[in-house]
Amino acid sequence: MLTVRTIAELSAQIQKYKFSGLTIGFVPTMGYLHAGHISLVQAAKKQCAVTIVSIFVNPKQFGPGEDFSRYPRDLEHDTALLTKAGADILFVPSAEEIYTPAVRELKADTQLANIACGLARPGHFDGVVTVVARLFDLVQPDKAFFGQKDYQQLKIIQKMTEAENYPVEIIGCPLVREPDGLAMSSRNKYLTPKQRQIAPVLYRALTAAAKALQSGKNLTDARQFALNILENTPEIKIDYLEFLDRKNLTGLTEYIPNGTVILVAVYLGSTRLIDNLEA
Ligand code: AMP
């Protein structure tokens, strides 16, 4: 695997690939990689001739008081994981190279962004679409791979890609969990051993709600099942619990079998955890 740090080095490689007619798969990340990220690399390798991974902790998607400066970083470990997974290029740009004065600031789709995570993190999704568009301009991928772990983000990126007419196919990949159900996340590193034991309660609450819906309970009852589980955990503060239409993330008046997604965000101590489950 080749690690490149500048746009000039990256562009030289991209030109070679394009000249040879090779398809490019792209996996944007913020690093501190785990098996969830690696599953995206594996999907890219299956579907594309060349796999490019970026690691960039994007300052524009962190609000004031959020964890930008302490976001976990371990480039050596990330490089080892990506080499083993068979990525071709690791792009690790500086903020100066990504955010030149000419870079376009994009706005996330208002309807998709003004719910769920967008309410607790104003401006977050604008930062996400801005950096993803910038990276698409540089990497020029045929396909880009994103995790369903960030369900709302995936929808917003799909929308941005269409709106901006990027010739990039967005591939959503399944959420990867720890054996006890906790969604893998770089931020799990923040959890104390006690919090780590508590954290799978999110998945338990989601599965209880999904099972309730699938066995004929209505939205109100299913929501109450999940709330009971979460509210019985005093260490947890609920940010939101939403039952939405999978297609466009609008609110539901009744359960749509195989068309519903349950999104949840909580604070466990000062760590914000998100999870979701299709139902
Ligand atoms: P991040 O480094 O957190 O910005 O994530 C980079 C990409 O990896 C995003 O597309 C995430 O949705 C995806 N990702 C993160 N965690 C997981 C997970 N547990 N399962 C699947 N994809 C994930």
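A few remarks follow.
- The residues of region 126-173 that are of a type in the set (F, W, Y) and either outside any loop (DSSP other than H, G, I, E, B) or at pLDDT below 95 (or both), listed by number, are F136, F145, F146, Y151.
- Y240 vs. criteria under 23 Å from the mean Cα position of the chain (by Cα), more than 22 Å from Y71 (Cβ to Cβ), crowded, with 19+ Cβ neighbours inside 10 Å and at pLDDT 95 or above: no
- When residues of region 60-74 are limited to those that are away from the ligand (no atom under 13 Å from the Cβ) and free of Cβ contacts under 8 Å to residues at least 60 places away in the same chain, the one surrounded by the most Cβ atoms within 10 Å (Cβ to Cβ): E66
- A single member of V201, V176 is within 16 Å of the chain's Cα centre (by Cα), of a type outside the set (K, R) and either away from the ligand (no atom under 13 Å from the Cβ) or at pLDDT 95 or above (or both), and it is V176.
- Any hit, region 212-230, residues being more than 15 Å from the ligand (Cβ to nearest atom) and among the hydroxyl-bearing types (S, T, Y): yes
- Selected residue (criterion: nearest to the ligand (Cβ to nearest atom)) from residues of region 26-45 that are touching a strand residue (DSSP E or B) at 6+ places or on another chain (Cβ under 6 Å) and farther than 12 Å from F146 by Cβ: G31
- Unmet criterion (only one of (1) touching a residue at least 40 places away in the same chain (Cβ under 8 Å); (2) open to solvent by 20 Å² or more (accessible area, probe 1.4 Å)) for R104: (1)
- The single condition among (1) crowded, with 22+ Cβ neighbours inside 10 Å; (2) assigned to a helix (DSSP H, G or I); (3) aromatic (F, W, Y) that Y203 does not satisfy is (1).
- Annotation for region 114-122: no member residue is under 20 Å from E169 (Cβ atoms) and among the basic types (K, R).
The values are calculated or read from the model by the stated rules, or taken from the named source; none is laboratory data. Here the structure is a predicted model, which is why all the values come from computation and not from measurement. Here the Cβ is made from the backbone with ideal geometry for all residues, glycine too, and neighbour counts use every protein chain on show. The protein model used for the area step is the full one, side chains on, heavy atoms only, and it has no ligands, DNA or RNA in it. Shrake-Rupley method; radii C 1.70, N 1.55, O 1.52, S 1.80 Å.
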